[in-house]
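Taking it in order: structure first as structure tokens, then the write-up.
The values are calculated or read from the model by the stated rules, or taken from the named source; none is laboratory data. Everything numeric here is computed off the predicted structure, so don't read it as measured data. All Cβ positions, glycine included, derive from the backbone under ideal geometry; neighbour counts span all protein chains shown.
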Amino acid sequence: MNEGRLNEAVSLFLDDLDHPLRAEIELLRRELLAANNELTENIKWNAPNYEYAGADRITMRINPPRKLQLIFHCGAKVKEQPSERLISDPTGLLDWKDKLRAVATFNERAEIEEQRTALKTLVNDWITAALNL
């Protein structure tokens, strides 16, 4: 699934880490890239990062190595907080840090596999909403 879209620099970065959740990281990488064909992958903040139209939107938090998190954000620059959260999350997967930043946490492969459909929806809803800021 989307092997050709995996960024080689990200793969090499991960090779050097010897991360205990490497298989889960690889699964998340593939799920994110499969969710939206316009996402591109790079390394930012010492982790896999996903851009849409040149803007950072999702960053994987891989340390500490006991769990994996996807940080849904609107880039590094501070933005004025809207009156409501950027998207609705009927799945309950997101832990909101503020109205423009949320975190999805995965402790094991089964959680990622169970949340595939929800994750795809969240990724695309996030991208659409962030474009309209």
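Can you tell me which of (1) surrounded by fewer than 17 Cβ atoms within 10 Å (Cβ to Cβ); (2) among the charged types (D, E, K, R); (3) within 12 Å of the chain's Cα centre (by Cα); (4) assigned to a strand (DSSP E or B) is the one K120 doesn't meet?
(4)
Output the residues belonging to segment 76-105 that are closer than 18 Å to W45 by Cβ and either of a type in the set (D, E) or buried (at least 18 other Cβ atoms within 10 Å of the Cβ) (or both).
Answer for segment 76-105, where residues must be closer than 18 Å to W45 by Cβ and either of a type in the set (D, E) or buried (at least 18 other Cβ atoms within 10 Å of the Cβ) (or both): D98, L100, A102, A104.
If you go through segment 55-75 one residue at a time, do you hit one that is surrounded by 12 or more Cβ atoms within 10 Å (Cβ to Cβ), of a type in the set (F, W, Y), touching a helix residue (DSSP H, G or I) at 6+ places or on another chain (Cβ under 9 Å) and under 22 Å from L133 (Cβ atoms)? Don't jump to the end; show me each part of the working.
Step one: of segment 55-75, the residues surrounded by 12 or more Cβ atoms within 10 Å (Cβ to Cβ) are 55-63, 65, 67-75.
Now restrict to residues that are of a type in the set (F, W, Y): 72.
Those left that are additionally touching a helix residue (DSSP H, G or I) at 6+ places or on another chain (Cβ under 9 Å): 72.
Keeping just the survivors that are under 22 Å from L133 (Cβ atoms) gives 72.
There is at least one residue in segment 55-75 that is surrounded by 12 or more Cβ atoms within 10 Å (Cβ to Cβ), of a type in the set (F, W, Y), touching a helix residue (DSSP H, G or I) at 6+ places or on another chain (Cβ under 9 Å) and under 22 Å from L133 (Cβ atoms).
Among R22, R66, which is at pLDDT 95 or above and among the basic types (K, R)?
On the way: R66 fails: at pLDDT 95 or above.
It is R22.
So, in segment 75-95, exactly how many residues are over 15 Å from I58 (Cβ atoms) and not polar (S, T, N, Q)?
Within segment 75-95, residues that are over 15 Å from I58 (Cβ atoms) and not polar (S, T, N, Q) number 9.
Which condition number in (1) over 19 Å from A55 (Cα atoms); (2) part of a loop (DSSP other than H, G, I, E, B) is the one that L133 fails?
For L133, the exception is condition (1).
For a quick check of your reading of the model, give me the residue pairs whose first member lies in segment 8-25 and is of a type in the set (G, A, S), whose second is assigned to a helix (DSSP H, G or I) and loosely packed, with under 10 Cβ neighbours inside 10 Å, with beta-carbon atoms closer than 9 Å and at least 6 apart or on different chains.
So the pair list comes out empty.
For K44, state whether it is over 18 Å from I112 (Cβ atoms) and touching a Ser or Thr at 6+ places or on another chain (Cβ under 8 Å). Don't jump to the end; show me each part of the working.
Working: over 18 Å from I112 (Cβ atoms): yes; touching a Ser or Thr at 6+ places or on another chain (Cβ under 8 Å): yes.
It is true that K44 is over 18 Å from I112 (Cβ atoms) and touching a Ser or Thr at 6+ places or on another chain (Cβ under 8 Å).
Being in contact with a helix residue (DSSP H, G or I) (Cβ under 7 Å, 6 or more places away or on another chain) and under 12 Å from D89 (Cβ atoms) is the filter here, so list the residues in segment 106-122 that pass it.
Once the filter is applied, which keeps residues that are in contact with a helix residue (DSSP H, G or I) (Cβ under 7 Å, 6 or more places away or on another chain) and under 12 Å from D89 (Cβ atoms), segment 106-122 yields only L119.
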